[in-house]
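The values are calculated or read from the model by the stated rules, or taken from the named source; none is laboratory data. Fair warning: this is a prediction, and the values are worked out from it, not measured in the lab. All Cβ positions, even for glycine, are placed from backbone atoms using ideal geometry, and neighbour counts span all protein chains on display. With ligands, DNA and RNA removed, areas are computed over all heavy atoms of the protein, side chains included. Shrake-Rupley method; radii C 1.70, N 1.55, O 1.52, S 1.80 Å.
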Amino acid sequence: MPLVELVRIGELAKRSGVPMATLKFYLREGLIAPVRKTGATMSWYDPAIVDRLRAIKELQEHHLPLELIKQTIEGERQAPDDLAAADAIAKVLARHAGKKSRTRAEVLAGGATELELSWLAATKLAVPDADQSYRGDDLALLSTLGAARRAGIAADMLPFDILRDYVAALNTLVAVELRMFRAGVLGHIGVDTARVTTAATELSERLVVLIRRKLLLPTLDRLLQERTDAPQPATRSPRVRRMRQLQPRPVAHTRRARPARQR
């Protein structure tokens, strides 16, 4: 078996077309790792990762989250299909994202608060670019919250605790959806991964909206029924107490006093 000729990071950058600074960033984030180290600053890499580096760079240009990129490249057997699926998803999202942008200052002037923007950035829902501008779905989410504010839904009506639960529930839904897709689609040999992934991504959003619409009223009815069936508190409202006070009191039956005996 022939020995693999290892290369330095500079040669890796030359062969892949990925800048040296980007490769060092990938190294810090654990996306790549040297095969061998011969000194404190002397590392050697397998040139076979050139194709993977190009795929990672392309996915990053589509604004795919770094954590998802790291997950898709784990496991040599599934990495090609996973990367193709992730690339297809990123392209669909980019197509719907639009090209508008707004600076952080403009978003704040539009009614958003520093606290809201900090929370959205911490949850990765709306993160500004390097030039402190919001684009794509991040901007769409901020616009939706702005529309809610203009409609009279104040920040205290939709607190972060509720939004945190909402995001957690959707995160679980997305994880289940992706696991089902990987097990049911990517596991089949001969599947056109990019085409099927694009179709699935387009359809999944419509499917989620329709299922939510179908479940909304039945779930509301169930919640109202649970509230009706719940035991009522012992204390009565002031109105009930007043109505009880106005009701005629029953006449008390007392024993008649016997007349005194005459002597």
Exercise for the section: Quick one: Gly187 ticks every box in (1) open to solvent by 100 Å² or more (accessible area, probe 1.4 Å); (2) at pLDDT below 70 except a single one, so which number is it? Expected result: (1)
Practice task
Go over the candidates Arg222, Arg212, Arg241, Arg236 one by one and state the one that is surrounded by 10 or more Cβ atoms within 10 Å (Cβ to Cβ), part of a helix (DSSP H, G or I) and at pLDDT below 75.
Solution key: Arg241
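Conditions (1) within 17 Å of Leu170 (Cβ to Cβ); (2) in contact (Cβ under 8 Å) with a residue 12 or more places away in the chain; (3) touching a His at 6+ places or on another chain (Cβ under 7 Å); (4) open to solvent by less than 80 Å² (accessible area, probe 1.4 Å), marked per residue:
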residue	(1), (2), (3), (4)
Thr113	no, yes, no, yes
Lys124	yes, yes, no, no
Asp138	yes, yes, no, yes
Ser143	no, no, no, yes
Arg150	no, yes, no, no
Practice task
Please find, within region 92-108, the residue that is nearest to Ala168 (Cα to Cα) out of those that are assigned to a helix (DSSP H, G or I) and at pLDDT below 85.
Solution key: Leu93
Practice task
Among the residues of region 124-172, write down those that are in a loop (DSSP other than H, G, I, E, B), out of contact with any Phe, Trp or Tyr (no Cβ under 8 Å at 6 or more places or on another chain) and under 14 Å from Glu106 (Cβ atoms).
Solution key: Asp129, Asp131, Gln132
Practice task
Being surrounded by fewer than 16 Cβ atoms within 10 Å (Cβ to Cβ) and hydroxyl-bearing (Ser, Thr, Tyr) is the filter; apply it to region 23-47 and report the residue that is nearest to the chain's Cα centre (by Cα).
Solution key: Thr41
Exercise for the section: Identify the single condition in (1) modelled with pLDDT under 75; (2) open to solvent by 100 Å² or more (accessible area, probe 1.4 Å) that Glu205 does not satisfy, given that it satisfies every other one. Expected result: (1)
